[in-house]
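Worksheet: the structure to be examined is printed underneath.
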Amino acid sequence: MTPGAPERYKVDAVFTRRVGPDEVAAIEGDETRAQLSVHGYPTTELHVSDRRLEIDNTNLEELRDGLASVIAERLADIDTYLSIQRDVAAHHFQDSSDLEMARAASVAVLAASVAFTQRDMGVVFDDSARISDWMEEGGSGRD
């Protein structure tokens with residue numbers, strides 16, 4: 001609102017928390033650009049820097065007249081989508097963890113059933129009888 005001020009400029013907004021990498025990627029991604037364009041803001045770009053949302057190629061009037069609402073809706077969509085993704089990932093992790101615990105328990109039960117003991121053959125071998133059999137069958141080579 002000064003004489004000679006540019007028509008469009010960068011406006012910074014402050015997040016209430018640090019934004020995660022997945023959120024940054026979504027905010028700065030193609031889908032966000034497409035949504036801004038569809039709503040009539042094809043030159044506006046969003047960037048994240050620490051806890052700031054940098055809104056490039058806009059002005060306060062545009063933000064007041066609708067751009068802020070479009071950005072708020074996009075941020076809410078991103079939050080909802082990523083929350084669902086995190087929940088799905090947590091459920092997959094829990095399912096995998098449960099399966100691994102069941103598998104480990106099964107292995108432990110099977111391992112506990114293994115016993116390294118001699119089998120009871122019920123017969124005591126007499127080596128002299130076996131040698132005698134061998135001699136009678138011609139295995140000794142003596143005639």
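The values are calculated or read from the model by the stated rules, or taken from the named source; none is laboratory data. Only a predicted model underlies this, so the values are computations on that prediction, with no experimental measurement involved. A quick note on method: Cβ atoms are made from the backbone with ideal geometry, for glycine too, and the neighbour counts reach across all protein chains shown. Just the protein is used for accessible areas: all its heavy atoms, side chains included, with ligands, DNA and RNA removed. Shrake-Rupley method; radii C 1.70, N 1.55, O 1.52, S 1.80 Å.
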**Item:** Positive-end residue of SER96, ILE71, ILE84, charge dipole of the stretch 49-120 with Cβ unit charges
**Value:** SER96
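Ignoring the sites themselves, what is the longest stretch of the chain with no trypsin sites (Lys or Arg not before Pro) in a DSSP loop and at most 14 other beta-carbon atoms within 10 Å? Mind dumping the intermediate values first?
Values: sites that count: ARG8, ARG17, ARG18, ARG51, ARG119, ARG142.
Between exposed loop sites, the widest span is 52-118.
Would you mind computing the Rg to Rh ratio of the chain from its alpha-carbon coordinates, Kirkwood style for Rh?
1.73
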**Prompt:** How far, in nm, would the chain grow between ASP77 and ARG52 when pulled straight, counting 0.36 nm per residue and subtracting the alpha carbon separation?
**Reply:** 7.1 nm
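Give me the net charge of SER49's neighbourhood, meaning all other residues with Cβ under 15 Å from the Cβ of SER49; Lys, Arg count +1, Asp, Glu -1.
Result for the neighbourhood of SER49: -2.
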**Request:** May I have the extent of the alpha carbons of the stretch 1-80 along their three principal axes, as whole Å values ordered from largest to smallest?
**Result:** 40, 26, 17
**Prompt:** Under a no-solvent Debye model with one identical scatterer per Cα of the stretch 67-115, what's log10 I(q)/I(0) at q = 0.24, 0.27, 0.28, 0.32 Å⁻¹?
**Reply:** -0.83, -0.90, -0.92, -1.00
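Tell me the mean residue ellipticity at 222 nm calculated for the chain from its helices only (DSSP H runs of n ≥ 4, each -39500 (n - 2.57), averaged over every residue, nearest 500).
On the way: 4 runs with 71 residues, N = 143.
Taking each H run of at least 4 residues, the total per residue is -17000 deg cm²/dmol.
Treating only the Cβ of Lys, Arg, Asp and Glu as charged (+1, +1, -1, -1), what charge dipole size does the chain show about its Cα centre? Round to the nearest 20 debye. Write out the running numbers ahead of the final one.
Working: 14 positive and 28 negative charges, 119 e Å.
Taking the Cα centre of the chain as origin, the dipole is about 560 debye.
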**Prompt:** Are there GluC sites (Glu not before Pro) in the stretch 1-73 that DSSP marks as loop and that have at most 11 other Cβ atoms within 10 Å, and which are they?
**Reply:** GLU7
**Message:** Taking all protein chains in place and a 1.4 Å probe, what share, in percent, of the accessible surface of the stretch 62-123 do carbon and sulfur account for?
**Reply:** 61
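Once fully extended, how much extra length lies between GLU100 and ALA34, figured as 0.36 nm per residue of separation less the alpha-carbon to alpha-carbon distance? List each step's numbers first, then the result.
Details: separation 66, 0.36 × 66 = 23.76 nm, distance 4.25 nm.
Gain on extension, GLU100 to ALA34, equals 19.5 nm.
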**Request:** Calculate, for the chain, the solvent-accessible area per residue in square angstrom, rolling a 1.4 angstrom probe over the heavy atoms of the protein chains.
**Result:** 78
